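The values are calculated or read from the model by the stated rules, or taken from the named source; none is laboratory data. Because the structure is predicted, anything quoted here is derived from the model rather than measured. Heads up, the Cβs are rebuilt from the backbone with ideal geometry, glycines too, and the neighbour counts pull from every protein chain shown. Ligands, DNA and RNA are stripped out before the accessible areas are found, and what is left, the full protein with its side chains, is counted by its heavy atoms. Shrake-Rupley method; radii C 1.70, N 1.55, O 1.52, S 1.80 Å.
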Amino acid sequence: AKNCPNIRVCVVDLNAKQIEAWNSDDLPIYEPGLKEVVESCRGKNLFFSTSIDEEIALADIVFISVNTPTKTQGIGAGRAANIKNCELCARTIAKVATSNKIVVEKSTVPVRTADAVRRVLACNDKGLTFQVLSNPEFLAEGTAIDDLEKPSRVLIGGEETPGGQAAIAKLVSVYANWVPSEQIITTNLWSSELSKLVANAFLAQRVSSINSISALCESTGADVSEISRAIGSDPRIGNRFLQSSVGFGGSCFQKDILNLVYLCETFGLDECAEYWHQVIKMNDYQKSRFTKKMVSRMFNTATGKKIAILGFAFKKDTGDTRETASAFVCRDLMQERARLHVYDPQVKREQMMIEFDYTLGVNKATEPDLDKLVVTETDVYEACEGAHAIAVLTEWDEFKTLDYERIYKGMSKPAFVFDGRNIVDIKKLRDIGFEVYAIGKPWPKE
């Protein structure tokens, strides 16, 4: 909408509360620069509505942008993506459309989902013709607006037919308003669909790879940051996604890799499936390893101890908590009966509780003392006051510049800092008096 002022864009959803939020000053998600873009276009050529049928009928191009969660039951449970919402969208489009349309998969979907969408659309009884395209998104949360304004590439896949090629050209013309032609890649449907899964799998693989080395660094006295700098300077490797941490999170990496694993299994490629599944296993290992290290350093018990959790979002500059490593660390510490005081500048308690319940099955029914074990704070210094330990679990910039001398004075001693993102000044904090432990860094001798 921002870059194509002559095109009318309308976002529709069944959830009236979400649409109401998009039409308000308090947008339902946080992303740097998002509010400014929305406010510059809203009411001009950008609209948010619950009038789904009417807007589909008006549209020339319909983007399917619904969630495709991992199945929780049935065939492929725990691995396969549930494309129910994509199919329902296709059925709605076929039902209410009154003219030919281009239907674009924007959601991350298993390869050959477009075939299912095309077959559903083809069953319309009005003689309408639909072209189905795949246009996966490669933006990253926290930098989404920049990624959209200056994409490294735009990928568009379509059928290798005259109609399919014409549809591709139409969508290319939209992106050409601001994206250089050499950065717009066109391909067949199946390559486009699979590229999104593979891109996320490769990025997650890099994170798990460097995290596996972080464990070796701690055992040998090497420094994972120095390892990352050394190998990242090799142009064949590059320096992106080589920052060791408590583990990756977000809505994409785990879901897409599990989907890739299921696809490999479906086609009898068991060795390929196990190869990619190891990326998930390493991520799970890193989260549990971090918590075990915390407990062991605190004299093998966290029972009754106050622990300040700094950060609940899965990464900085976003309020997204899906699959956040922080939730898993909190769960394990709750099982140790620690008292957690959680501070995050963008995540509200309601969202934390939803994540605990949805991802981990932790709620007041399964954990009656939940409200006592997890306290949410709006002030970072209140979260740390009287704490036995601090766990830095999101790399928010503000955590780098806190008044740690003030924090140290108010903590129980010995005062521990467990840095799950490698963002604190270890020497400075140790000089203050903290016992600091960071992932992949040489650990002080007992």
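Do we have any residue at all in the range 336-343 that's modelled with pLDDT of 95 or more, open to solvent by 10 Å² or more (accessible area, probe 1.4 Å) and closer than 30 Å to GLY33 by Cα? Spell out the reasoning first.
Initial filter on the range 336-343 (modelled with pLDDT of 95 or more): 336-343.
Subset that is open to solvent by 10 Å² or more (accessible area, probe 1.4 Å): 336-337, 339, 341, 343.
Filter once more, keeping what is closer than 30 Å to GLY33 by Cα: 341, 343.
Scanning the range 336-343 turns up at least one residue that is modelled with pLDDT of 95 or more, open to solvent by 10 Å² or more (accessible area, probe 1.4 Å) and closer than 30 Å to GLY33 by Cα.
Against the criterion of being part of a helix (DSSP H, G or I) and farther than 22 Å from ALA313 by Cα, SER288 does not qualify.
Filtering the range 88-102 for residues that are farther than 15 Å from ALA59 by Cα and open to solvent by 40 Å² or more (accessible area, probe 1.4 Å) leaves a non-empty set.
If I ask for residues that are under 28 Å from the mean Cα position of the chain (by Cα) and open to solvent by 40 Å² or more (accessible area, probe 1.4 Å), which ones from the range 35-66 would you list? Reasoning before the result, please.
Here is the first cut: in the range 35-66, the ones under 28 Å from the mean Cα position of the chain (by Cα) are 35-42, 46-50, 52, 61-66.
Across the range 35-66, the qualifying residues are LYS35, GLU36, GLU39, SER40, ARG42, PHE47, THR50, ILE61, PHE63, SER65, VAL66.
Restricting attention to the range 177-202 and to residues that are at pLDDT 95 or above and under 30 Å from LYS293 (Cα atoms), the residue that is surrounded by the fewest Cβ atoms within 10 Å (Cβ to Cβ) turns out to be PHE202.
Within the range 360-378, the set of residues being farther than 30 Å from GLY433 by Cα, under 26 Å from the mean Cα position of the chain (by Cα) and surrounded by 17 or more Cβ atoms within 10 Å (Cβ to Cβ) comprises just one member, VAL362.
Scanning the range 110-151 for residues that are surrounded by fewer than 21 Cβ atoms within 10 Å (Cβ to Cβ), under 18 Å from the mean Cα position of the chain (by Cα) and closer than 23 Å to ALA90 by Cβ turns up just one, GLU137. The C-beta contact set for the range 64-84 (first residue on the phi > 0 side of the Ramachandran plot, second residue hydroxyl-bearing (Ser, Thr, Tyr) and surrounded by fewer than 18 Cβ atoms within 10 Å (Cβ to Cβ), distance under 7 angstrom, 6+ apart or interchain) comprises GLY78/THR70.
Can you say whether TYR381 is of a type in the set (Phe, Trp, Tyr), open to solvent by 20 Å² or more (accessible area, probe 1.4 Å) and within 24 Å of SER245 (Cβ to Cβ), as far as the supplied structure shows? Give the steps one after another, and end with the answer.
Values: of a type in the set (Phe, Trp, Tyr): yes; open to solvent by 20 Å² or more (accessible area, probe 1.4 Å): yes; within 24 Å of SER245 (Cβ to Cβ): no.
The answer is no for TYR381.
For the range 1-34, filtering for residues that are open to solvent by 50 Å² or more (accessible area, probe 1.4 Å), farther than 20 Å from CYS86 by Cα and part of a helix (DSSP H, G or I) leaves 2. Regarding the range 246-260, can at least one residue be identified that is touching an Asp or Glu at 6+ places or on another chain (Cβ under 6 Å), within 17 Å of MET334 (Cβ to Cβ) and open to solvent by less than 10 Å² (accessible area, probe 1.4 Å)? There is no residue in the range 246-260 that is touching an Asp or Glu at 6+ places or on another chain (Cβ under 6 Å), within 17 Å of MET334 (Cβ to Cβ) and open to solvent by less than 10 Å² (accessible area, probe 1.4 Å). Scanning the range 395-433 for residues that are part of a loop (DSSP other than H, G, I, E, B), open to solvent by 10 Å² or more (accessible area, probe 1.4 Å) and within 26 Å of ASP317 (Cβ to Cβ) returns GLU395, TRP396, THR401, LEU402, ASP403, ARG421, ASN422, ILE423, VAL424, ASP425.
Scanning the range 35-46 for residues that are assigned to a loop (DSSP other than H, G, I, E, B) and either under 29 Å from TRP396 (Cβ atoms) or without any contact (Cβ under 8 Å) to a residue 24 or more places away in the chain (or both) returns a single hit, GLY43.
For the range 221-240, filtering for residues that are open to solvent by 40 Å² or more (accessible area, probe 1.4 Å), within 14 Å of SER209 (Cα to Cα) and in contact (Cβ under 8 Å) with a residue 12 or more places away in the chain leaves 3. Among the residues making up the range 203-220, those that are open to solvent by 10 Å² or more (accessible area, probe 1.4 Å), touching a residue at least 40 places away in the same chain (Cβ under 8 Å) and either not in a helix (DSSP H, G or I) or not polar (S, T, N, Q) (or both) are LEU203, VAL207, ILE213, ALA215, GLU218.
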